[in-house]
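The values are calculated or read from the model by the stated rules, or taken from the named source; none is laboratory data. Just so it is clear, the model here is predicted, and its values are computed rather than measured. Reconstructed Cβ throughout: ideal geometry from the backbone, glycine too, with neighbour counts over all protein chains shown. When the accessible area is computed, the model is the full protein with side chains, heavy atoms only, and any ligands, DNA or RNA have been set aside. Shrake-Rupley method; radii C 1.70, N 1.55, O 1.52, S 1.80 Å.
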Amino acid sequence: PASAEQATFRDCDECPEMARLAGGAFMMGSPVNEPGRNGWEGPQHNVQVAPFAIGSREVTFAEWDACVAAGGCGRYAPTDRGWGRGARPALMVSWNDAQAYVRWLSERTGRAYRLPSEAQWEFAARGGTATAYWWGDRYDAAQAPHGQTSEAGAYAANGFGLFDVTGNVAEWVEDCYSVSYQGVTASSKARRDGSCDMRVVRSGSFRSSPDDIRPAFRDRLNAKYRLEGIGFRVVRILVQP
């Protein structure tokens, strides 16, 4: 399986910590015999992923609030539902809100940030594995929070050193929603076809069933909706030599 370089970095003090991933090929989607599988998780197909950097954690309230304090993110301060801000993942943020954050982050750092493509997200979440969960084929309740969010990074990291790829909050990705992977190529680019008022959400949240926090699980939501169970993490494209 592909492996990650161990290096992490931040482009500014208030920026998310990023993990460099070496890229590689992987099988995206779930096999037909995976328990809990939905039809829109297939057909399983090979994808080639170029090196990139992805947030080690979901974007936190502290990181979101830094954007607001700097005059970005539409000065929108989402509620934390009384669970606390700081290191907890930002929630009640729409896909459109997430776009405002990555625009601000790109301007703040002079680097190209965006949401991960669906393929990049799944490659990262699997952490080099091909099992139903990154730790194996059986659900383990000790790997994810329940009832409300936890601080980002409170649970074990996957094989790529990424936290909360199962549960905590579900995560927006860049892609327009398509009902399946039928007709896709081996590219890891975000899909621009399909229903673009609906955007893809990956992983599950603290409210999700065990089946819905598998790396292959995918859902969709209107890009303007703000829900307590959805946040995001960011990607930075690495310049190739």
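I'd like to know how the range 69-194 sits against the 2.2 N^0.38 Å rule of thumb: what's its Cα Rg over that expected value?
1.17
With a ≥ b ≥ c the root eigenvalues of the C-alpha gyration tensor of the range 144-214, is it rounded (a/c under 1.5), prolate (a/b larger than b/c) or oblate?
Note, shape of the range 144-214 comes out prolate.
Could you look at the chain and say what percent of its accessible area is carbon and sulfur, using a 1.4 Å probe and all protein chains?
Working: 4940 of 10050 Å².
Carbon and sulfur together cover 49 percent of it.
Could you work out the helix-only [θ] at 222 nm for the chain, with each DSSP H run of four or more residues adding -39,500 (n - 2.57) and the total divided by the number of residues, to the nearest 500 deg cm²/dmol?
The helix-only estimate for the chain comes to -4000 deg cm²/dmol at 222 nm.
Say a paramagnetic label sat at a point 7 Å from the Cα of LYS189, along Cα to Cβ; which residues of the range 102-117 have their backbone N under 20 Å from it?
The answer is 112-117, whose backbone nitrogens lie closer than 20 Å to the label point.
Could you calculate the FRET efficiency of ALA7 with ARG85 from 1/(1 + (r/R0)^6), where r is the beta carbon distance between them and R0 is 35 Å, rounded to 0.05?
The value I calculate is 0.75.
With just the Cα atoms defining each centre, how far is the range 197-212 from the range 95-131? Give it in Å.
If we compute the Cα centre of each part, the gap is 16 Å.
Quick one: divide the alpha-carbon radius of gyration of the chain by 2.2 N^0.38 Å and tell me what you get.
0.92
In square angstrom, what is the accessible area per residue of the chain with a 1.4 angstrom probe? List each step's numbers first, then the result.
Numbers: 10050 Å² over 241 residues.
It amounts to 42 Å² per residue over the chain.
Picking from PHE217, GLY231, SER203, whose Cα lies most toward the positive end of the charge dipole for the range 192-238 (charges on Cβ: Lys, Arg +1; Asp, Glu -1)?
Projecting each Cα onto the dipole axis, the largest value belongs to GLY231.
For ASN38 and CYS196, calculate 0.36 nm times their separation in residues minus their Cα-Cα distance, and state this gained length in nm to one decimal.
Full-extension gain reported as 54.8 nm.
Local charge sum around ARG138 (other residues, Cβ-Cβ under 13 Å, Lys/Arg +1, Asp/Glu -1)?
Overall, the nearby charge balance is -3.
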